[in-house]
Amino acid sequence: MTKPIRPHRNFYGRLKGKSLKPNQKTYLAEDLTALSPGPVSWQDNPERTPLDLNALFGPRPVWLEIGFGGGEHMVHQAAQNPDTGLI
């Protein structure tokens, strides 16, 4: 009897993330908490109305950064593009 052949599976990325360094934990707990608008509860938005990006950013273009790093790229982009709203 032979073993069934498993299909080849590509995986891009990490199966398990690295542990946070102490300064990263502090950054998440203190700095980002102070900047966060906080969660939106069901009572605050029962109809789940989408955010009004014009109210948040005005007529500026808005970019959505999707990344898995420490935010260095987004900070660089924000510095280079001050007239663009970044999420």
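Computed from the coordinates by the stated procedures, all read-outs in this text should not be read as laboratory data. Computed from a prediction, not measured in an experiment: that's the story for all the values here. Cβ: placed from backbone, ideal geometry, glycine included. Neighbour counts: every protein chain shown.
What helices (runs of 4 or more DSSP H) completely inside the range 22-81 contain at least 3 residues that are touching a residue at least 12 places away in the same chain (Cβ under 8 Å)? Break it down stepwise before answering.
Details: elements: 22-26, 32-35, 53-57, 72-80.
Where helices (runs of 4 or more DSSP H) fall fully within the range 22-81 and carry at least 3 residues being touching a residue at least 12 places away in the same chain (Cβ under 8 Å), they are 53-57.
Per the conditions (1) in a loop (DSSP other than H, G, I, E, B); (2) surrounded by 10 or more Cβ atoms within 10 Å (Cβ to Cβ); (3) aliphatic (A, V, I, L, M), the sole criterion not satisfied by L15 is (2). For the range 55-87, a residue qualifies if it is charged (D, E, K, R), exposed (fewer than 13 other Cβ atoms within 10 Å of the Cβ) and more than 26 Å from K21 (Cα to Cα), and exactly one does: D83.
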